[in-house]
1. Charges only on Cβ, +1 for Lys and Arg, -1 for Asp and Glu: so what's the dipole of region 54-97 about the Cα centre, in debye to the nearest 20?
2. Order by neighbour count: 304, 432, fewest other Cβ atoms within 10 Å first, most last.
3. Relative to the first principal axis of the alpha-carbon coordinates of the chain, what is the inclination of helix 87-96, with its axis defined by its Cα atoms, in degrees from 0 to 90 and to the nearest 10?
4. Once you keep just the Cα pairs under 8 angstrom separated by 6 or more residues, what percentage relative contact order results for region 5-375?
5. Hey, what number do you get for the chain at 222 nm if only DSSP H runs of n ≥ 4 count, each worth -39500 (n - 2.57), divided across all residues, to the nearest 500?
6. Could you work out how much longer the chain between residue 142 and residue 453 gets when fully extended? Use 0.36 nm per residue separation minus the Cα distance between them, nm to one decimal.
7. Quick check: residue separation of residue 166 and residue 109 times 0.36 nm, minus the Cα distance between them. What number comes out in nm?
8. Determine the gain in length on full extension of the stretch residue 256-residue 446; use 0.36 nm per residue of separation and subtract their C-alpha separation, reporting nm with one decimal.
Amino acid sequence: MKISFTVLLGLALFATAHGRLRGATAGDPRPNILFIYTDDQSFEALSVVQKELGQKGRFPWLKTPNMDRIAADGVRFRNAFVVNSLCSPSRAVNLTGRYNHLNGIASNFRAFPTNNVTCATLLRAAGYTTAYVGKWHMDGQRERPGFDHHATYVGHGRYADCPFIVDGKDMPTKGWVDDVATDYAIRFMQKQASAGKPWFMMLGFKTPHQPWEPPARTKDLYPGELARSVPNLNTPPPYAGANQKSKAGSPVPPKVPTNLDYFRCLTAVDDCVGRLLDALDTSHSASNTVVMFTSDNGFYLGAHATGDKRSAYEESIRVPFLVRYPALGAAARGRVVDEMVLNLDLAQSLLDFAGLPAPKDMQGQSWRPLLTGKPESWRQNWFYQYFAENQKGTRIPDITAVRTTDAKLIRYRGHQAWNELFDLKSDPYEMHNLYNDPAHASLKEKLQAEHDRLEKVLGYSVPDFVDRPPNWSQPGGLAGDLANP
């Protein structure tokens with residue numbers, strides 16, 4: 001969608017007046033906003049979550065004290081999800097508040113459309129100084145539309161001595177990539193402390209995306225540690241290859257090896273989070289800064305006999321999500337929220353904090369009311385989508401799904417025999433497919449009706465900017481029989 005400068009200016013003028021009315025006093029400035037997100041962080045890869053899970057926690061030895069600090073001083077959402085569990089599509093949803101069939105990004109191989117209306121373009125038009133730091137990851141794109149300043153890199157970059165692009169200029173760097181990004185972010189915040197304008201910064205960490213290369217300070221952490229097992233460790237998905245399917249039904253040991261470098265990277269990036277929080281304290285900006293922490297998608301870590309993400313099981317779609325805003329007071333401190341929030345909600349929530357109206361075509365809703373109480377109503381279900389892409393080694397077809405508070409229907413487009421239905425209340429590990437179980441026909445009918453309703457309301461379609469795998473339409477390819485989705 002294109003939007004004119006006149007419309008942006010009108011929104012900005014409205015927001016200025018609206019923002020003044022929302023403050024505790026007439027002189028209260030609008031808050032700064034710091035949005036931090038990791039890449040491929042499991043929802044349970046936080047030490048505060050491990051403590052809460054107790055004996056069900058897989059990684060009780062994990063240490064993330066600074067992420068825990070945000071949770072202790074703010075709000076932790078137990079049920080935060082992404083509407084497409086893949087890097088670039090998820091990032092595009094964060095920015096636009098729109099599903100991927102509408103925002104121009106349905107795979108990892110497209111540049112983000114520069115004419116998209118985003119939370120950044122609207123905040124900038126309303127007088128915010130905007131910055132993007134760290135991992136952008138929209139194919140090989142160099143532009144950072146909507147941001148006044150950027151210190152980022154192309155694609156995945158690399159962990160050591162990663163070249164950065166700083167406001168359009170190529171800059172060599174030395175050191176671990178997320179430390180370097182944190183340095184840039186802190187310098188930006190320090191500069192803004194005396195600027196007299198509110199600021200918005202998105203900081204994307206590379207951690208813990210493969211190839212999992214921790215810095216020297218954490219490379220020897222957690223020696224010999226194992227992960228506690230999960231019941232679905234040997235329950236492969238229906239699209240699984242022969243290697244995964246061979247594990248089906250195998251006994252589940254109490255503990256299993258895990259990729260310790262994944263967690264060593266996380267503890268190192270937790271140091272970076274601590275430095276950011278300390279910098280806010282030092283600049284006396286903490287009380288008027290909204291800090292958000294999440295991940296672009298979840299990660300399997302061996303659950304369902306797989307790694308990666310993309311599909312619609314809980315380990316893939318669920319993400320950590322923390323919010324701290326000291327100005328809200330005690331009601332938003334140490335709070336844990338169970339309502340389902342989505343990355344689709346992010347753009348509207350950011351605009352809400354700034355006193356800005358959200359464009360009507362944004363498809364989420366602001367979760368700000370959940371920080372201090374329960375709104376009269378909140379979503380009871382939501383729609384998931386994934387489009388098969390040209391990614392080597394990936395066998396996952398198009399997916400749509402509906403998740404309610406206690407059940408899930410997964411449809412593998414073109415592969416109806418693979419469809420799944422789970423009662424999440426009795427089967428949280430999604431091991432028992434009820435799709436063809438006559439005893440659960442009413443649940444299946446209810447979720448199929450809700451799936452079809454949401455599909456229609458959201459205008460779902462397969463966009464022409466999907467990057468299909470080479471064998472998509474060949475015999476045995478992922479397209480399947482699309483006449484029977």
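1. 160
2. 432, 304
3. Tilt relative to the chain: about 50 degrees.
4. 30
5. Helix contribution divided over all residues of the chain: -8000 deg cm²/dmol.
6. Net length gain for the segment: 108.1 nm.
7. So the extension gain works out to 18.3 nm.
8. 64.6 nm
Read-outs throughout are calculated quantities, based only on the coordinates presented, and are distinct from any laboratory measurement. As the structure is a prediction and not an experimental result, all values here were calculated from the model. With ideal geometry, Cβ positions are generated from the backbone for all residues, glycine too; neighbour counts draw on all protein chains shown.
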